[in-house]
Amino acid sequence: MNWLTNVVRPKIRSILRRETPENLWIKCPDSGQLVFYKDVEANQFVIPGSNYHMRMGAVARLKSIFDNETWFDVALPEVTADPLKFRDERKYADRIKDARARTGLNDAIKVGYGKLEGAGVVIAVQDFDFMGGSLGMAAGEAIVRGLELAVEKKSPFIVFAASGGARMQEGILSLMQMPRTTVGVQMLREVKQPYIVVLTNPTTGGVTASYAMLGDVQIAEPGALIGFAGARVIEQTIREKLPEGFQRAEYLRDHGMVDMVVHRHDLRPTLARLCRLLTKSPAVETAAKPAAEVAAAAPIVSGADVAPAVPHA
């Protein structure tokens with residue numbers, strides 16, 4: 001019998017072992033350098049040395065854009081979780097349950113209403129961590145509801161796109177979200193409000209074929225992969241070697257598919273400036289205020305529009 005392992009093992013482990021968080025360090029996909037997670041988080045998930053833009057979660061993204069990191073969550077319509085009773089290696093319902101537990105989101109898109117440099121805006125963020133940001137019924141409803149709220153409030157609508165495409169587990173019901181969101185964008189155009197799209201890494205498939213390419217202004221983050229089909233599929237189809245940097249943000253900007261490539265640190269002032277320009281609104285002086293004061297001064301949104309009735313801080 002091993003006395004150390006069988007008799008005092010718990011105490012020995014508590015003394016000698018240190019529990020290390022799994023995400024304490026991040027390895028840069030571009031340079032391979034190891035960076036302290038807290039440093040990357042403080043830098044809006046941009047690797048300090050290489051300037052590589054990591055993926056950013058929905059809540060972190062909303063915090064980085066809204067004034068004083070305060071906004072109202074927009075209540076989204078309920079949809080059938082598993083309309084086709086789909087199953088491959090696992091049940092689709094189980095995949096949804098796991099994704100919700102892991103991300104804390106109800107589905108791939110989170111919508112918020114708040115202030116951007118003093119002006120009201122509606123922002124939708126697609127979170128790639130939720131099943132690859134895939135477009136399903138719930139995500140389509142989120143985009144449409146965000147556009148409807150922007151029409152009601154007569155405010156700009158900004159969407160941060162990040163997706164692998166349509167959600168195969170919902171079949172044709174997923175593909176139906178492409179024309180639905182397109183109609184929603186047209187509703188916003190009819191009231192002459194800006195629709196601004198920020199393409200993040202990656203934005204592909206059915207999302208690129210619908211609302212992600214309909215913006216009045218198309219912005220992309222540096223190095224973002226943007227396209228419909230994958231590069232390998234295209235090469236096999238046309239039987240030609242694709243040029244260097246094909247489907248990357250900078251290449252698409254140079255060839256007229258994207259209006260501008262903006263560093264994440266410059267996104268907030270750029271979006272605010274575009275909203276003022278497209279709505280012909282004057283600049284608003286915004287001083288830093290406590291979150292509670294900002295929430296009190298924010299426009300009241302009815303309980304049917306937002307949930308919960310208190311702002312995030």
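The values are calculated or read from the model by the stated rules, or taken from the named source; none is laboratory data. Source: prediction; values computed, not measured. Cβ: placed from backbone, ideal geometry, glycine included. Neighbour counts: every protein chain shown. Keep in mind that these areas ignore ligands, DNA and RNA; they rest on the heavy atoms of the full protein, side chains included. Shrake-Rupley method; radii C 1.70, N 1.55, O 1.52, S 1.80 Å.
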Within the stretch 87-105, can you find the residues that are assigned to a loop (DSSP other than H, G, I, E, B) and surrounded by fewer than 16 Cβ atoms within 10 Å (Cβ to Cβ)?
-> D88, E89, R90, G104
Give me the pairs, please: first residue somewhere in the stretch 26-45 and at positive phi, second residue anywhere and part of a helix (DSSP H, G or I) and open to solvent by less than 70 Å² (accessible area, probe 1.4 Å), beta-carbon distance under 6 Å, and either six or more positions apart or on two chains.
-> Q44/S64; Q44/R264
Determine whether the stretch 257-264 contains at least one residue that is within 18 Å of R61 (Cα to Cα) and either part of a helix (DSSP H, G or I) or open to solvent by 60 Å² or more (accessible area, probe 1.4 Å) (or both).
-> yes
Go over the candidates L175, L214 one by one and state the one that is within 20 Å of I96 (Cα to Cα) and open to solvent by 10 Å² or more (accessible area, probe 1.4 Å).
-> L175
Note on D305: of the conditions (1) out of contact with any strand residue (DSSP E or B) (no Cβ under 9 Å at 6 or more places or on another chain); (2) at pLDDT below 95; (3) of a type outside the set (A, V, I, L, M, F, W, C), unmet is (1)
Scanning the stretch 73-116 residue by residue, those among the acidic types (D, E), under 20 Å from the mean Cα position of the chain (by Cα) and more than 18 Å from S174 (Cα to Cα) turn out to be D73, D98
Just to be sure, is A138 touching a Ser or Thr at 6+ places or on another chain (Cβ under 6 Å), not in a loop (DSSP other than H, G, I, E, B) and not β-branched (V, I, T)?
-> no
Just for the stretch 51-65: of the residues that are in a loop (DSSP other than H, G, I, E, B) and touching a strand residue (DSSP E or B) at 6+ places or on another chain (Cβ under 9 Å), which one is surrounded by the fewest Cβ atoms within 10 Å (Cβ to Cβ)?
-> R55
Considering each residue of the stretch 235-249, count those that are out of contact with any helix residue (DSSP H, G or I) (no Cβ under 8 Å at 6 or more places or on another chain) and within 29 Å of V183 (Cα to Cα), and give that number.
-> 2
Only one residue in I158, I143, I109, I123 is buried (at least 22 other Cβ atoms within 10 Å of the Cβ) and in contact with an Asp or Glu (Cβ under 8 Å, 6 or more places away or on another chain), so which one is that?
-> I109
Is one or more of the residues making up the stretch 235-248 buried (at least 16 other Cβ atoms within 10 Å of the Cβ), under 18 Å from the mean Cα position of the chain (by Cα) and among the polar types (S, T, N, Q)?
-> no
Filter result for D73 (at pLDDT 95 or above, assigned to a helix (DSSP H, G or I) and of a type outside the set (A, V, I, L, M)) = no
Of all the residues that make up the stretch 135-153, how many are within 12 Å of L175 (Cα to Cα) and free of Cβ contacts under 8 Å to residues at least 60 places away in the same chain?
-> 4
